[in-house]
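Input: a single structure, listed below in structure tokens.
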Ligand code: HH2
């Protein structure tokens, strides 16, 4: 595979060597699967350290839930939750990303030296694109969603979900490149579970390779999502096996970064998958 580098503030991540595991740290009271588990800064920092021991490649800190219908949180509140955890995480020697859609929170995180901005709104907040363009190095993940988490599940009318996700991401990518952002800083995410029905999520995953011709690596989040519940009949806290299966399948279909809650299980599964599928030539 030709080298695919994801440039971030402090690290150039090589995505051609092996798929990377991004561990989810939700510093929220209400995230759909782990809300309230790490919303005390001390607990969240302990959890970051635990994920490091489990082999995580990137820590993704989020302080606002994006589950369907989630209430909006002010930038002040979001930053209050995030700051102590982000400061500690940045000292752990691994790349740290912040999962936020607010320009103000992005600015503060960039000021502290965050490596990656992961935005489920693909930098649609006012000033977000310009902010990232004015930063020399931060990595960026652009995700597909229609509307916002409060309204997205009312916006699932697509003629061709894959083509429409692809067109959206291409427009967002071209805009950033037009503003002077190096393409090597950008990954793209189909946004499984965001403004999509179960059937649309499955079709998008089956045809995921059609997104690869945009030339940027895919970052994918399937962990514990409701489509996996629909496929298995499992409640949200019983979806670890389904999530690991989804991580392997999405890597087999071209993803290079998987965003997961269950880091240890995913790291082990990917080690085996890699060993069995690595080309020896
Ligand atoms: N999914 C969630 C949040 N952020 N970011 C990217 N790039 N891709 C995703 O699929 C994605 C994401 C939702 O999961 P989670 O963080 O566990 O839940 P909540 O938003 O309720 O905190």
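Tabulated results
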item: Criterion (farther than 23 Å from residue 11 by Cβ, crowded, with 16+ Cβ neighbours inside 10 Å, over 18 Å from the mean Cα position of the chain (by Cα) and at pLDDT 95 or above) met by exactly one of 235, 246, 230, 269; result: 269
item: Residue in the stretch 183-196 that is surrounded by fewer than 21 Cβ atoms within 10 Å (Cβ to Cβ), away from the ligand (no atom under 14 Å from the Cβ) and under 23 Å from residue 59 (Cβ atoms) present; result: yes
item: Test: residue in the stretch 84-91 that is more than 25 Å from residue 6 (Cβ to Cβ), within 12 Å of the ligand (Cβ to nearest atom) and surrounded by 14 or more Cβ atoms within 10 Å (Cβ to Cβ); result: no
item: The lone exception for residue 241 - which of (1) within 17 Å of residue 23 (Cα to Cα); (2) within 13 Å of the ligand (Cβ to nearest atom) it fails; result: (2)
item: Among the residues listed as 137, 150, 122, the single one being under 21 Å from residue 257 (Cα atoms) and surrounded by fewer than 23 Cβ atoms within 10 Å (Cβ to Cβ); result: 137
item: Sole residue being part of a loop (DSSP other than H, G, I, E, B), in contact with a strand residue (DSSP E or B) (Cβ under 7 Å, 6 or more places away or on another chain) and farther than 11 Å from residue 64 by Cβ, chosen from 109, 122; result: 122
item: Residue 136 out of contact with any helix residue (DSSP H, G or I) (no Cβ under 6 Å at 6 or more places or on another chain), over 24 Å from residue 32 (Cβ atoms), modelled with pLDDT under 95 and away from the ligand (no atom under 12 Å from the Cβ); result: yes
item: Test for residue 49: is it at pLDDT 95 or above and either within 16 Å of the ligand (Cβ to nearest atom) or farther than 27 Å from residue 148 by Cβ (or both); result: yes
item: Total residues in the stretch 100-116, condition touching a residue at least 60 places away in the same chain (Cβ under 8 Å) and under 16 Å from the mean Cα position of the chain (by Cα); result: 3
item: Some residue of the stretch 156-171 being surrounded by 23 or more Cβ atoms within 10 Å (Cβ to Cβ) and out of contact with any strand residue (DSSP E or B) (no Cβ under 9 Å at 6 or more places or on another chain); result: yes
item: Tabulated pairs, the stretch 3-32, first closer than 20 Å to residue 185 by Cβ and free of Cβ contacts under 8 Å to residues at least 40 places away in the same chain, second assigned to a loop (DSSP other than H, G, I, E, B) and within 16 Å of the ligand (Cβ to nearest atom), C-beta under 6 angstrom, 6+ apart or interchain; result: none
item: Members of the stretch 182-224 found to be in contact (Cβ under 8 Å) with a residue 40 or more places away in the chain, under 20 Å from residue 12 (Cα atoms) and under 16 Å from the mean Cα position of the chain (by Cα), listed by number; result: 185, 186, 187, 188, 189, 216, 217, 219
item: Pick from the stretch 1-34, criterion under 18 Å from residue 223 (Cα atoms), under 17 Å from the mean Cα position of the chain (by Cα) and outside any strand (DSSP E or B), ranking: farthest from the ligand (Cβ to nearest atom); result: 19
item: Top-ranked residue of the stretch 139-161 - restricted to ones that are farther than 21 Å from residue 202 by Cα and not in a loop (DSSP other than H, G, I, E, B), ranked as nearest to the ligand (Cβ to nearest atom); result: 141
item: Which numbered condition residue 101 misses (of (1) closer than 18 Å to residue 149 by Cβ; (2) more than 14 Å from the ligand (Cβ to nearest atom)); result: (2)
item: Yes/no for residue 222 being closer than 24 Å to residue 95 by Cβ and in a loop (DSSP other than H, G, I, E, B); result: yes
item: Count of the stretch 167-182 residues which are within 16 Å of the ligand (Cβ to nearest atom) and in contact with a helix residue (DSSP H, G or I) (Cβ under 8 Å, 6 or more places away or on another chain); result: 3
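The values are calculated or read from the model by the stated rules, or taken from the named source; none is laboratory data. Nothing here was measured: the structure is a model prediction, and the numbers come from that model. Positions of Cβ are generated from backbone atoms using ideal geometry, with glycine treated the same way; all protein chains shown enter the neighbour counts.
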